[in-house]
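S.K.: Shown below is the structure under consideration.
The values are calculated or read from the model by the stated rules, or taken from the named source; none is laboratory data. Just so we're clear, the structure is a prediction, and the values are computed from it rather than from any experiment. Glycine also receives a Cβ, built like all others from the backbone with ideal geometry; neighbour counts cover every protein chain displayed. Ligands, DNA and RNA are excluded from the accessible area calculation, which covers all protein heavy atoms including side chains. Shrake-Rupley method; radii C 1.70, N 1.55, O 1.52, S 1.80 Å.
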Number of protein chains: 2
Amino acid sequence: MSDTLKQFKDYLHTMRQYDHVLTLLYWDLSTAAPEKGVEARMRAINYFSTEAFRLSTADEYGKMLHELSQPAQFDSLDPAMQLTVKRNLRDYERFKRIPEDFYTAYTEAKTRSERIWEKAKRNSDFSEFSPYLEKVISMTKEYVHYMEPDQDPYEVLLDLYEEGMDSATIDRVFEELKEGLLPLLGKIEAAGRPNLSALEGHYDIAAQKEVQSMLLDYIGFDADAGTTAESEHPFTTDLCIGDVRVTNHYNEDDPISAMFSAIHEGGHAIFGQNIDPAYEDTAVEQVNMMGLHESQSRFFENILGRRRSFWEPIYDKLSSLLPQFKQIPLDTFCRAINDVHPSMIRTEADEVTYCLHIILRYEMEKAIFRDNVPVDDLPALWNDKMEELLGIRPQNDAEGILQDMHWSDGSFGYFPSYLLGSMYDGMFLEALEKELGDVDEILSDGRIRDITAWLNENIHRNGSFYNSSEVLQRVCGQKLTARPLLDYFNKKYAKLYGFDR
Amino acid sequence: MSDTLKQFKDYLHTMRQYDHVLTLLYWDLSTAAPEKGVEARMRAINYFSTEAFRLSTADEYGKMLHELSQPAQFDSLDPAMQLTVKRNLRDYERFKRIPEDFYTAYTEAKTRSERIWEKAKRNSDFSEFSPYLEKVISMTKEYVHYMEPDQDPYEVLLDLYEEGMDSATIDRVFEELKEGLLPLLGKIEAAGRPNLSALEGHYDIAAQKEVQSMLLDYIGFDADAGTTAESEHPFTTDLCIGDVRVTNHYNEDDPISAMFSAIHEGGHAIFGQNIDPAYEDTAVEQVNMMGLHESQSRFFENILGRRRSFWEPIYDKLSSLLPQFKQIPLDTFCRAINDVHPSMIRTEADEVTYCLHIILRYEMEKAIFRDNVPVDDLPALWNDKMEELLGIRPQNDAEGILQDMHWSDGSFGYFPSYLLGSMYDGMFLEALEKELGDVDEILSDGRIRDITAWLNENIHRNGSFYNSSEVLQRVCGQKLTARPLLDYFNKKYAKLYGFDR
């Protein structure tokens, strides 16, 4: 091993320690830290974030990256290290172009805007948030312009959250999807909504936690390589391959929400837990492709979790933990978890209308970044699009443009990855059934772990070694298309609602 | 403010950030981290410990400390900063005398010895542990010799855990105590043990957690400045004044153990939560006086928590959370929590025999450090002393010398602080009653928070500004004496067991 390579590996290891503590500081902030400790916690986060930023922009680090990029050295590196050098050099150069003062000011502006957004959402008053959003938009444009001065800012943002993705591809597949979804939704709405009163009741939180453990174990979450906690919104956090954590939020009136959050976050966690340990400390361990990550949580949550066959082997166990389920026939439960209907809030939407929530946000982001629509016109634009896509109109900003926190902290370009994940899932489902046979048969047989193992082998173990379009090519043998997802929807809901496909 | 002072304050603030993350890394390791994440966690702990050690021994730091120690600068500092400069300079010079290689080797030896101790305790086999203990003893002697080459090593250790304490004082008060305790114990044993079968049963863990919350709130723990979690052994950890956390360990067969752990750790936490925020980042915020700290946990646990009057205002609430208590008269419960009898395990001992467990350990430590008793002779010496002090003889090493982890990680000199804490408590009780009146009356009235407020005002808010003997002088107007603790014991047990004092 060359001296530079050895030095580089040590450096990566050191950077990893900062990732570890920052991840822990944030995890603890969301799951445990008491109110009066928040200020001290933010000081610690600021301190170690700054140190981490310094490490990732240090001249000595840049020197190593440049040396290792020279053909003589580069060619002798193993593939994971080659990818690490390439990706980290790109990030190093991007960060080096950002003035430190600007970086600090941008971070502060995002933190402030996030806090104001929370308040504005509570008050359902966009005008409170508007000047802060305007500032975050203009600074985000500036930020990506520093990183990639010659590229279109929104393309840079899309690529940040889903490497290799571009708006031409998204335009194509979102259009394909929209065309297929609108007639399907019409048929579903015509069929009418199920009566769900049988599910009403009070569900013990301690029992819901046991259901969560049962579900996590069922789908293949390794309890020796992770843990669970409560937080305001469910999320997954990766400390390292051997420590991937999920949170949940429980509701006494509704056990289903926490059940599906458990399966969703469990899917993310199973990805993180099954990355090949050989990739430790390399860039391959960090899966920054949000669409690919989301495809794994949504595969478990929707493609598997919303099937009757998923519940058949465990419905008795579920009923023993939550006795109310003894009175609810499995078919009634399955109608409840597939109750498709237009609604205002993305995070509460069913798997079909969810797609339209994302298409709306994607169109809004293009309006912001390409058409420079004035910030004060955005709430009306949002409401118009809701009416166009879902046929309903928000009555206030809280159930309209203020519902999501993403824009308050500058995460423009993130939303499309949710829907990309679902489209990947349609494709993965086809490939999986081609190889392993009918998914319903596998699930009814209680062999869900065969599916988890297939995902481990084909997707998880590679971490971010392949980007999403390479994964699709390798696993499905084709480019991104919305067709398999539409096929899945059409087949499933025709059967469930009893109409012709 | 001088430039050096400003620079020094920034430096203290930076060191504080390392304390914060190290505390959090350890807290999370004991309360949440899964098995497969331990190795990565240990790497993070090693990395940040080394960085923290570097900060505390850096030349630039020493230079600041020396400059600020010069009369011209020192005299203009406020008292907390004067104390910080003095204490930190002492520690800086101590650490500077330790060769870095030795420090690393010592840390490794302690970690290894701790792991072997766990195994040896499980197997109840001292011979497995013996060579590692021998190494830790000799390296601890070397360690303190580096720190203070001209002082007796055991005196240095005592001072490390209880600043200003020495073995002459401990000899005097432990002897005083032993002489008073042995006749009392004789009378208690003659009175016979109570019948506690009424308490047998199965106690729901979720309900025990609610009892813990109720008790913490009752004694004055601020839930907005702390949180709770589960761990193998209960402990308290201070992240900062606004974030002090306690753990507990629950047992389905025995709710009393977790109740008293809650009160004990709650006492520690109330100390940490009530340090004057003006001391933030200074040495005053760090209370390294273990005896003084232990006096606060034991004051709540024993002096208050084992009285009938403590439970009178909350016994109905307790019975509503743990319905079995409806069948247990308060008097029966009070006999159970004051069941004094010789037993093998320190952590399970009652408040009276507990003292003798500590005296035993103190005598053992003097045998190790002063008389250089060979390691292989220690188990028999332990057993002989148990027989002498408590009249019972361990049947194996697990219930004898292997029961505590302290020596495995080099914490010699720590044990006496537990008993010093109890003796301080006897003195604090006298002072408190002189000022506020009869404690039983205050408690029966439901005014326990008056007592907490008195402790806040007289002890907690000062952090470590005064050392323990200064605190005794200020609060009780006298030097350390075992007499008040003996008075408390004699009065209490004469009444409870109905014998003459």
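S.K.: Read through the list (1) closer than 28 Å to A:Glu280 by Cβ; (2) within 14 Å of chain A (Cβ to nearest Cβ); (3) open to solvent by 20 Å² or more (accessible area, probe 1.4 Å), then give the number of the only condition that B:His13 fails.
M.R.: It is condition (1) that B:His13 fails.
Condition check ((1) touching a strand residue (DSSP E or B) at 6+ places or on another chain (Cβ under 7 Å); (2) crowded, with 20+ Cβ neighbours inside 10 Å; (3) modelled with pLDDT of 95 or more; (4) assigned to a helix (DSSP H, G or I)) across all residues:
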residue: B:Ser261; (1), (2), (3), (4): yes, yes, yes, yes
residue: B:Gly266; (1), (2), (3), (4): yes, yes, yes, yes
residue: B:Glu294; (1), (2), (3), (4): no, yes, yes, yes
residue: B:Asn302; (1), (2), (3), (4): no, yes, yes, yes
residue: B:Ser309; (1), (2), (3), (4): no, no, yes, yes
residue: B:Glu312; (1), (2), (3), (4): no, no, yes, yes
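S.K.: From the list A:Ala105, A:Ala52, which one is out of contact with any Cys (no Cβ under 6 Å at 6 or more places or on another chain) and within 14 Å of chain B (Cβ to nearest Cβ)?
M.R.: Testing whether each residue is out of contact with any Cys (no Cβ under 6 Å at 6 or more places or on another chain) and within 14 Å of chain B (Cβ to nearest Cβ) leaves just A:Ala52.
S.K.: Quickly run through region A:228-249 and pick out the residues that are surrounded by fewer than 20 Cβ atoms within 10 Å (Cβ to Cβ) and within 14 Å of chain B (Cβ to nearest Cβ).
M.R.: A:Ala229, A:Glu230, A:Ser231
S.K.: Which residue, of A:Asp276, A:Asp339, is of a type in the set (Asp, Glu) and more than 23 Å from A:Asp224 (Cα to Cα)?
M.R.: Step by step, each of A:Asp276, A:Asp339 is checked, and only A:Asp339 is of a type in the set (Asp, Glu) and more than 23 Å from A:Asp224 (Cα to Cα).
S.K.: Within the group A:Leu68, A:Leu157, which residue is touching a residue at least 40 places away in the same chain (Cβ under 8 Å) and over 25 Å from the mean Cα position of the chain (by Cα)?
M.R.: Only one candidate passes the filter, namely A:Leu68.
S.K.: For the condition aliphatic (A, V, I, L, M), under 26 Å from A:Val38 (Cα atoms) and open to solvent by 40 Å² or more (accessible area, probe 1.4 Å), what is the one hit in A:Ala109, A:Ala120, A:Ala191, A:Ala105?
M.R.: None of the others qualify; the one that does is A:Ala105.
S.K.: How about region A:240-249: which of its residues are touching a strand residue (DSSP E or B) at 6+ places or on another chain (Cβ under 7 Å) and either part of a helix (DSSP H, G or I) or not basic (Lys, Arg) (or both)?
M.R.: The answer is A:Val244, A:Val246, A:Thr247, A:Asn248, A:His249.
S.K.: Here is a list: B:Leu472, B:Leu480. Which entry is crowded, with 19+ Cβ neighbours inside 10 Å and in a helix (DSSP H, G or I)?
M.R.: Selected residue: B:Leu472, the only one of B:Leu472, B:Leu480 that is crowded, with 19+ Cβ neighbours inside 10 Å and in a helix (DSSP H, G or I).
S.K.: A follow-up question, please. Which residue pairs have Cβ atoms under 9 Å apart, sit 6 or more places apart or on different chains, and have a first residue in region A:138-152 that is closer than 14 Å to A:Trp407 by Cβ and a second that is of a type in the set (Lys, Arg)?
M.R.: A:Met139/A:Lys110; A:Thr140/A:Lys110
S.K.: Tally time: how many residues in region B:337-382 are among the basic types (Lys, Arg) and assigned to a loop (DSSP other than H, G, I, E, B)?
M.R.: Of the residues in that region, 1 qualify.
S.K.: From (1) open to solvent by 10 Å² or more (accessible area, probe 1.4 Å); (2) farther than 30 Å from B:Gln478 by Cβ, pick out the condition that doesn't hold for B:Val144.
M.R.: (1)
S.K.: Identify, by number, the condition in (1) more than 14 Å from every other protein chain (Cβ to nearest Cβ); (2) over 30 Å from B:Ile358 (Cα atoms) that B:Ser261 doesn't meet.
M.R.: Evaluating B:Ser261 over (1) more than 14 Å from every other protein chain (Cβ to nearest Cβ); (2) over 30 Å from B:Ile358 (Cα atoms) leaves (2) as the failure.
S.K.: Scan region B:483-495 for residues that are surrounded by 19 or more Cβ atoms within 10 Å (Cβ to Cβ) and hydrophobic (A, V, I, L, M, F, W, C) and jot them down.
M.R.: B:Leu485, B:Leu486, B:Phe489
S.K.: Still on this structure, I have one more. Any idea which of B:Glu200, B:Glu175, B:Glu210, B:Glu179 is within 14 Å of chain A (Cβ to nearest Cβ) and open to solvent by 80 Å² or more (accessible area, probe 1.4 Å)?
M.R.: That would be B:Glu210, the only listed residue that is within 14 Å of chain A (Cβ to nearest Cβ) and open to solvent by 80 Å² or more (accessible area, probe 1.4 Å).
S.K.: Only one residue in B:Lys96, B:Lys86, B:Lys63 is more than 21 Å from B:Glu285 (Cα to Cα), at pLDDT 95 or above and among the basic types (Lys, Arg). Which one?
M.R.: Result of the check over B:Lys96, B:Lys86, B:Lys63: B:Lys63.
S.K.: Have a look at B:Ile275, B:Ile256, B:Ile270 and point out the one that is at pLDDT 95 or above, within 30 Å of B:Ala336 (Cβ to Cβ) and within 18 Å of the chain's Cα centre (by Cα).
M.R.: The unique qualifying residue is B:Ile270.
S.K.: Being of a type in the set (Asp, Glu) and at pLDDT below 95 is the filter here; which residues of region B:341-369 pass it?
M.R.: B:Glu348
S.K.: Considering only region B:63-83, I want to know if a residue exists there that is of a type in the set (Gly, Ala, Ser), within 27 Å of A:Leu25 (Cα to Cα) and in a helix (DSSP H, G or I).
M.R.: No: zero hits.
S.K.: Being on the phi < 0 side of the Ramachandran plot, in contact with a Pro (Cβ under 9 Å, 6 or more places away or on another chain), of a type outside the set (Val, Ile, Thr) and part of a helix (DSSP H, G or I) is the requirement here; does A:Asp425 meet it?
M.R.: It is true that A:Asp425 is on the phi < 0 side of the Ramachandran plot, in contact with a Pro (Cβ under 9 Å, 6 or more places away or on another chain), of a type outside the set (Val, Ile, Thr) and part of a helix (DSSP H, G or I).
S.K.: For region B:21-33, what are the residues that are at the interface with chain A (Cβ under 7 Å from one of its Cβ atoms) and either open to solvent by 10 Å² or more (accessible area, probe 1.4 Å) or of a type in the set (Lys, Arg) (or both)?
M.R.: Within region B:21-33, B:Ala32, B:Ala33 qualify.
S.K.: Determine whether region B:56-72 contains at least one residue that is within 14 Å of another protein chain (Cβ to nearest Cβ) and under 20 Å from A:Glu51 (Cβ atoms).
M.R.: Among the residues of region B:56-72, not one is within 14 Å of another protein chain (Cβ to nearest Cβ) and under 20 Å from A:Glu51 (Cβ atoms), which makes the answer no.
S.K.: Right, another one. Just to be sure I understand, how many residues within region A:383-405 are in a helix (DSSP H, G or I) and touching a residue at least 24 places away in the same chain (Cβ under 8 Å)?
M.R.: Going through region A:383-405 one residue at a time, the tally reaches 4.
S.K.: Confirm whether B:Phe221 is within 29 Å of B:Ala283 (Cα to Cα), aromatic (Phe, Trp, Tyr) and more than 14 Å from chain A (Cβ to nearest Cβ).
M.R.: No.
S.K.: Return the total of residues in region A:48-66 being open to solvent by 70 Å² or more (accessible area, probe 1.4 Å) and of a type in the set (Asp, Glu).
M.R.: Residues meeting the conditions: 2.
S.K.: Somewhere in region B:453-465, is a residue more than 18 Å from B:Phe300 (Cα to Cα), over 18 Å from the mean Cα position of the chain (by Cα) and aromatic (Phe, Trp, Tyr)?
M.R.: Within region B:453-465, one or more residues are more than 18 Å from B:Phe300 (Cα to Cα), over 18 Å from the mean Cα position of the chain (by Cα) and aromatic (Phe, Trp, Tyr).
S.K.: Out of curiosity, is B:Glu441 out of contact with any Phe, Trp or Tyr (no Cβ under 9 Å at 6 or more places or on another chain) and surrounded by fewer than 19 Cβ atoms within 10 Å (Cβ to Cβ)?
M.R.: Criteria met by B:Glu441.
S.K.: So which residues in region B:34-47 are open to solvent by less than 60 Å² (accessible area, probe 1.4 Å), facing chain A (nearest Cβ under 7 Å) and part of a helix (DSSP H, G or I), if there are any at all?
M.R.: B:Gly37, B:Ala40, B:Ala44, B:Tyr47
S.K.: Which residues, taken from region B:392-421, are of a type in the set (Gly, Ala, Ser), open to solvent by 10 Å² or more (accessible area, probe 1.4 Å) and within 14 Å of the chain's Cα centre (by Cα)?
M.R.: Listed by number, the list holds a single entry, B:Ser411.
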